[in-house]
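Here is the structure we will look at, set down as structure tokens.
The values are calculated or read from the model by the stated rules, or taken from the named source; none is laboratory data. Note that the coordinates shown come from a computational prediction; the quantities given were computed from them, not determined experimentally. Virtual Cβ from ideal backbone geometry, glycine too; neighbours counted across all protein chains shown. Quick note on the areas: whole protein, heavy atoms, side chains included, nothing else; ligands and nucleic acids left out. Shrake-Rupley method; radii C 1.70, N 1.55, O 1.52, S 1.80 Å.
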Amino acid sequence: MNLKNIHNVYFIGIGGIGMSAIARYFSVNGKNVFGYDKTPSQITKKLQDIGVQIHFEDAVANINNCCLNKNETLVVYTPAIPSTHHELNYFINNKFNILKRAEVLGAITKNTFCLAVAGTHGKTTTSSILGHIMQPEKATSFLGGIAENYNSNLILGDDKLSVVEADEFDRSFLKLSPNIACITSMDADHLDIYGENEMLQQSFRDFANKVSDTLIVAKGLPLKGLTYAVNETADYSAFNVKVATGSYVFDVKTPTSVVKNIEFHLPGVHNMMNALAALAMADVYGVSLENIKKQLKSFTGVQRRFSYKIKTENLVLIDDYAHHPTEINAVAHSIREMYPNKKVLVVFQPHLYSRTNDFGDDFATALSKFDQVMLLDIYPARELPIKGVTSLWLLDKIKIVDKALVFKENLSNEIIKSKAAVIVMLGAGDIGLMVNEVKNNLEKNI
């Protein structure tokens, strides 16, 4: 499909973090952009503010006359949209040009020099860091989170160089044509899609085989490529690591040189690994190490990735997207590093029945690293319940004594009663929408 011949783009699920970046891209490039989403959000509001027409009821009548010419219209949807969706079926039955989000991203970036970041964890932060490093190079970056420096999931550049977050869900990343790529991790996940871990591992091998120039991998992954590691021998190695006023200062050895005293402000060794992966990709592309160092220092983070909502001497509230045991372990490690002598409460909303079922024991072990645990009900997303898999089932597995199930309407009061000095709210569901209410109620009681 030649995107130059497309004048109208209709998104089904336009409020999704990946979909909205592409919608914004088409809008600023002069296309007529329309869409449906289930509920209004800050993302949909920002799109409406730049002229995108969005509605929130699945009804064919809402399509109106925006897409009468099939040959000039592209319909984009996500795998999360059910097969019973009325608008999607209208477009299918009337033989419109219909592509999944990943296919469109592949088409946009196919004729660019593409830097792709893959991995079961760390890809959003890594791609956001990389997008910030590559912004002076005029890269256009499609991100899976809101980069704080730009308050956007799209960093606009030209049409010659792109940075993309390569998503393994539904094997989406196999639609891309990466020139330089990194793989941050290959932990078991999305087993509702893949069935077994070996199939997930194979998809990463397939992705690696698509890389035309250079593959960069976290040391220890079963793939051939340039490696990166912290305090270990690797092609790109961070060493002399120091923590200074909540930030990292470290040196990096590359295959050809050493750069000293890099400053990076995101907490946690996993984020230093993310910064190192982005540095390696930019270095391989040809960005000077001094420019990389400058951009790393000025990177301020990604929304819902260890995002401070309250940060005072006596009270800290952190919001994070962590929804897999490995990610929760990373958050726990970062908090113990930053606040070793404080009482820490974690509020966790499990995401998907299948993921909770697949990793129940691992979730329990990770959550037991906090001093107090509050669990919300499982956020179902695209799934129907699995018999016996509930938040109570998960709660019983958690080893610490101070634990409870909490209803959303009681959450703020229960958090206030806990008197924890550090509160962490984790999950990929709608828990992120509750954070500001919790923040406001905590501030009233300080």
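Structural remarks
- Residues that are charged (D, E, K, R) and open to solvent by 40 Å² or more (accessible area, probe 1.4 Å) occur at least once in segment 64-76.
- Residue pairs whose Cβ atoms lie under 7 Å apart, separated by 6 or more positions or on different chains, with the first residue in segment 61-75 and at pLDDT below 90 and the second open to solvent by less than 20 Å² (accessible area, probe 1.4 Å) and part of a helix (DSSP H, G or I), are 63/87.
- Qualifying residue in segment 87-94 (condition: farther than 26 Å from residue 273 by Cα, in a loop (DSSP other than H, G, I, E, B) and of a type outside the set (Phe, Trp, Tyr)): yes
- Meets criteria (touching a Lys or Arg at 6+ places or on another chain (Cβ under 6 Å) and at pLDDT below 95) for residue 321: yes
- Test for residue 334: is it more than 24 Å from residue 269 (Cα to Cα) and part of a helix (DSSP H, G or I): no
- Test: residue in segment 342-364 that is modelled with pLDDT under 95, loosely packed, with under 15 Cβ neighbours inside 10 Å, assigned to a helix (DSSP H, G or I) and not aromatic (Phe, Trp, Tyr): no
- Here segment 233-274 is the region considered, the condition is being part of a loop (DSSP other than H, G, I, E, B) and touching a residue at least 40 places away in the same chain (Cβ under 8 Å), and the residue that is nearest to residue 329 (Cα to Cα) is 268.
- Pairs with Cβ under 6 Å, 6+ apart, first in segment 283-305 and closer than 27 Å to residue 328 by Cα and in a loop (DSSP other than H, G, I, E, B), second open to solvent by less than 50 Å² (accessible area, probe 1.4 Å) and of a type outside the set (A, V, I, L, M, F, W, C): 299/132; 304/319; 304/432; 305/125
- Taking the conditions (1) open to solvent by 50 Å² or more (accessible area, probe 1.4 Å); (2) in a loop (DSSP other than H, G, I, E, B) in turn, residue 389 satisfies each one other than (1).
- Flag if residue 310 is assigned to a helix (DSSP H, G or I), within 29 Å of residue 403 (Cβ to Cβ) and modelled with pLDDT of 90 or more: no
- Among residues of segment 429-443 being aliphatic (A, V, I, L, M) and open to solvent by 20 Å² or more (accessible area, probe 1.4 Å), the one that is nearest to residue 415 (Cα to Cα) is 434.
- Residues of segment 264-274 satisfying the condition of being modelled with pLDDT of 95 or more and open to solvent by 10 Å² or more (accessible area, probe 1.4 Å): 273, 274
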